[in-house]
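What follows is a single structure, written as structure tokens, with notes after it.
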Amino acid sequence: MKKLPFSFNAMLGAMLLLALFITGFKPAGNQTNTPTISNPSASEVCDPTRSIHVSGSALINVIPDRALVQLGVQSNGKTVKAVQQANSMAIQNVIAALKKQGIEAKDITTDVYNITPIYEDYDALYIKGYRIYNTVAVTVREVSKTSEVVATALSAGANQVNDVQFYTTELRTYRDQARKLAVTAAKEKAHALASAAGADTGCVLTISENTWSYYNGWGYGMGTANLWTQNTVQNAAPSGQSGSSDGEEPISLGQISVKAEVEVTYALD
């Protein structure tokens, strides 16, 4: 058998190694799992230059399960000591009466305590007495007893009802529901508008939520004014103002509203 020259064998070996290198061959002992990245098809790519921007909102009405009542005791006296004693006695009577109604001590907190001088007239420097504004915030867990709690406090010595607010302890649950409904509303609106223009909605480019707070209460007790300002508060009319009630109770629970509003931008296909 005729033997090939050594130089020819070396050339064949080099060519074989080059072919293996080009084809990406790896020895069995050194193989690794390399993820394969596939290029998305043209239909899967969002085109931000063609888009539609819409808003969606949802409102959920729920029955409140808590009430926050701000009660005030205003006292007048010729001396600071005298007015303090009178006010302290009155507020203790109010708190004792509230506890008899089942209100726990942890649910009764001092909201505002303020002593001001009473002058003879607007321009005079002569002080003829002193006045105390003492406001307590009462959390009513049995919300159906709100009217009874207010009446009891007034009978015990309170002479001001600064505010009555109803709220829900399930705010997170209702907010999540409202957000979901708002997004659904935005999606339906975008699809309807795009369809009318002969297009279709694609993927979501941007999404944001509009949030705000407000407070419509009144009175001296502003310390707790912003406790429940998450657009879920229903305010009852302060004392001396008219309020509406369809039931027999002076204070009607009614419903509170949990609102969500979103803005969404969709790509157009």
> Which of the residues belonging to the stretch 123-159 are of a type in the set (A, V, I, L, M, F, W, C) and under 14 Å from A67 (Cα atoms)?
Replying inline: V136, A137, V138, V140, V143, V149, V150
> Quick check: anything in the stretch 232-239 modelled with pLDDT of 65 or more and crowded, with 17+ Cβ neighbours inside 10 Å?
Replying inline: no
>> For the stretch 111-160, give me the residue count where each residue is touching a Pro at 6+ places or on another chain (Cβ under 9 Å) and either charged (D, E, K, R) or under 20 Å from A86 (Cβ atoms) (or both).
In response: 6
> Across the stretch 57-87, what is the number of residues that are crowded, with 18+ Cβ neighbours inside 10 Å and of a type in the set (S, T, Y)?
Replying inline: 1
>> Please return the ranges of strands (runs of 3 or more DSSP E) entirely within the stretch 112-215 where 3 or more residues are in contact with a Leu (Cβ under 7 Å, 6 or more places away or on another chain).
In response: 127-140, 160-167
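Conditions (1) at pLDDT 85 or above; (2) touching an Asp or Glu at 6+ places or on another chain (Cβ under 7 Å); (3) assigned to a helix (DSSP H, G or I); (4) farther than 30 Å from Q74 by Cβ, marked per residue:
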{"residue": "W228", "(1), (2), (3), (4)": "no, no, no, no"}
{"residue": "I251", "(1), (2), (3), (4)": "no, no, no, no"}
{"residue": "S257", "(1), (2), (3), (4)": "no, no, no, yes"}
{"residue": "T265", "(1), (2), (3), (4)": "yes, no, no, yes"}
> What's the number of the condition E188 fails, among (1) farther than 30 Å from S57 by Cα; (2) under 30 Å from the mean Cα position of the chain (by Cα); (3) acidic (D, E)?
Replying inline: (1)
>> Restricting to the stretch 95-134, and then to whatever is of a type in the set (K, R) and closer than 15 Å to G77 by Cα, can you tell me which residue is surrounded by the fewest Cβ atoms within 10 Å (Cβ to Cβ)?
In response: K128
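The values are calculated or read from the model by the stated rules, or taken from the named source; none is laboratory data. Here the structure is a predicted model, which means the values were calculated and not measured. Using ideal geometry, Cβ is built from the backbone for each residue, glycine included, and neighbour counts are taken over all protein chains shown.
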